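Beneath this line is the structure, given in structure tokens, with notes to follow.
The values are calculated or read from the model by the stated rules, or taken from the named source; none is laboratory data. Note that the structure is a prediction, hence the values are computed from the model and not measured. Ideal geometry is used to build each Cβ from the backbone, glycine not excepted, and the neighbour counts take in all protein chains shown. These area figures cover heavy atoms from the full protein model, side chains too; ligands, DNA and RNA do not enter into them. Shrake-Rupley method; radii C 1.70, N 1.55, O 1.52, S 1.80 Å.
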Amino acid sequence: MKPSDAHPTSETSDLAQLIQQDIAAAGGWIGFDRFIAQALYAPGLGYYSGARPKFGLMPDGPQGSSDFVTAPEISPLFGQALAAQLAQALQVTGTRTLWEFGAGTGALAEQLLQALGDRIDRYCIVDLSGSLAAVQAQRLARWQGKVEWLQQLPAEFEGVVVGNEVLDAMPVQLLAFDGQAWAERGVVSHGAGFAFEDRPTPLRPPLLDSVPGSVTEIHPQAEAFVRTLAQQLKRGAVFLLDYGFPEAEYYHPQRHGGTLMCHHLHRADPDPLQLVGEKDITSHVNFTGIALAGQEAGLTVLGYCNQANFLINCGLAELMEAATLPQRAMAHRLIAEHEMGELFKVIGFAAGEEFEALGFVRGDRSHTL
């Protein structure tokens, strides 16, 4: 099959050369999940391994250019509200350790450490990016004796796990439907750059009501991550916040272009084969797949709802009442339907005894999963 959607680039960076070598070693084609893994996480070269700032409210700020902003950078009230849910989970599970995956600039860790205080003995950050870990360490220096960094989980652990915008950054596989058969869309070399190429595959999306020309994603790595948490978390709870949909919405025929998106200088584009290593590559989360992966591995689903309901259940409205007008305006972005309030969802799991989680008291949508 000939390469399609060619995207040659004039830049021959070390990362591009590494991926070209990877493609050659694999016989001329790699799956898109392998391409993302290299583009984002190749040691010293990938997007998240580089030192250029990624997080910020504006494309150009005092720390340099940035590509996107996450909830903790928008408002510290995000972490303060989330802390109410985490405090309840710590108390109910009888644990005193908080685990954060993909801590970014450390903004959420700072907010949670301030809000939770002596209710936690350890704050463990699991992050693959050495450059971001250095930024986090500087920001969290006052908690030097409480915060520690790991690159992988221990075989067994206890505590409460939180991950904000972690699942969307995990590599996905791309599937394409031409009206007759499904194919896996991978990446080949094309001059100095890359191109997509489709190959036959037995892989299928969970729902098959697709139209010709459809492209969509499946999420084996995100689901494997949740299964790993289930196997190794002996007592505690898990709260994951990200943008996404339940399965029926994710694979609806009208969403025939998939959800893959890139972010660079606060602009979104659908082309992951350009500016490789210089922009983020994400896809939305299939929360049904996440829920099933956790449940089948032994976790109990505590709830699933949009971010607006979750944060309001956790006391965000009361926090906003005590804030200044500019602070309220920023915090409103967290719950506004046209901003983050509806697109972003929260799912919670328990390892051990089930409990009524504060964040899902009103607006729980577990029945839609």
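A few remarks follow.
- Enumeration of residues in the range 115-129 that are open to solvent by 10 Å² or more (accessible area, probe 1.4 Å), farther than 16 Å from Q88 by Cα and not aliphatic (A, V, I, L, M): R122, D127
- So T368, is it of a type in the set (V, I, T) and surrounded by fewer than 19 Cβ atoms within 10 Å (Cβ to Cβ): yes
- Taken over the range 327-344, the criterion of being open to solvent by less than 10 Å² (accessible area, probe 1.4 Å) and closer than 16 Å to H284 by Cβ is satisfied by G341 alone.
- For A237, the conditions (1) out of contact with any strand residue (DSSP E or B) (no Cβ under 8 Å at 6 or more places or on another chain); (2) closer than 30 Å to L302 by Cα are fulfilled apart from (1).
- Here is the figure for the range 96-114: residues that are more than 20 Å from F225 (Cβ to Cβ) and open to solvent by 10 Å² or more (accessible area, probe 1.4 Å) total 5.
- V226 vs. criteria crowded, with 16+ Cβ neighbours inside 10 Å, part of a helix (DSSP H, G or I) and under 20 Å from the mean Cα position of the chain (by Cα): yes
- Selected residue (criterion: nearest to L311 (Cα to Cα)) from residues of the range 345-365 that are part of a helix (DSSP H, G or I) and open to solvent by less than 40 Å² (accessible area, probe 1.4 Å): G359
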